[in-house]
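> My questions will all concern the structure given below.
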Amino acid sequence: MYIGIGPEYGKRIRKEDAFTYACQRIFSEPQEERETAMQIFRDAGSFEEAENALIEWYYSGNWIHEGPLEEEEIPDHRIIGNLERVWWIRYSDGVTACCARSYRDAVDTAEAWVTGTELTYVIF
C-alpha cells in the first residue's frame with residue numbers, strides 16, 4: 001500500500017494498483033513528467049523492470065510505502081525494544097528517517113537536518 005503525504009494526503013493506493021495509478025497520473029501531468037516516464041521505459045531491459053522502476057520513481061516523492069517489504073529490506077525491530085512509539089520523518093527530497101524516541105526528539109532531528117536548506121518535513 002502506498003499512502004499519500006503532503007499534496008497526496010488522504011490517498012491510499014494498493015500495491016497491485018500502483019503501476020496503473022502512476023501511469024494515469026503521469027500522463028495527466030506536465031510534459032516533463034511524461035518525458036521522465038518514457039525515459040524509464042526506454043532504459044529498461046524488460047517491461048517488468050520498467051514497471052518496477054516507474055513505481056519506484058513515482059512513489060519516491062509524496063508517498064510512503066506501507067506493508068510487507070522485500071525480505072532483505074525487513075528492518076530488525078529488536079533494536080527499538082519496548083518503545084511505545086516510533087516517529088517517522090519524511091523530508092521533501094524523498095528521504096524517510098526513523099526516530100524511535102519522543103515527538104520532540106523527532107522535531108529536533110528534523111530541524112537539524114533541514115537547517116540551512118530549503119527542505120521541509122512531515123512527522124508521522
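> Just add up the charged neighbours of R90: K/R +1, D/E -1, any other residue whose Cβ is under 15 Å from the Cβ of R90.
Result for the neighbourhood of R90: -3.
> Another question about this same structure. Within 14 Å, Cβ to Cβ, of E35, how many net charges do the neighbouring residues add up to if Lys/Arg are +1 and Asp/Glu are -1?
That works out to -2.
> On to the next question. Under the 0.36 nm per residue contour assumption, what length would be gained going from the current alpha-carbon distance of Y103 and R14 to full extension?
Full-extension gain reported as 29.2 nm.
> If DNA, RNA and ligands are ignored and the probe is 1.4 Å, what is the ranking of W63, W57, W88, W113 by accessible area, most exposed first? Could you put the intermediate results ahead of the total?
Numbers: W63 5, W57 75, W88 105, W113 135 Å².
Largest accessible area first, the list is W113, W88, W57, W63.
> If each residue of separation counts as 0.36 nm, what is the full-extension length gain between A53 and F27 once their alpha-carbon separation is subtracted?
Extending this stretch completely gives an extra 7.7 nm.
The values are calculated or read from the model by the stated rules, or taken from the named source; none is laboratory data. Being a predicted model, the structure only gives us computed values, none of them experimental. Cβ: placed from backbone, ideal geometry, glycine included. Neighbour counts: every protein chain shown. Note: areas computed on protein heavy atoms with side chains; ligands, DNA, RNA excluded. Shrake-Rupley method; radii C 1.70, N 1.55, O 1.52, S 1.80 Å.
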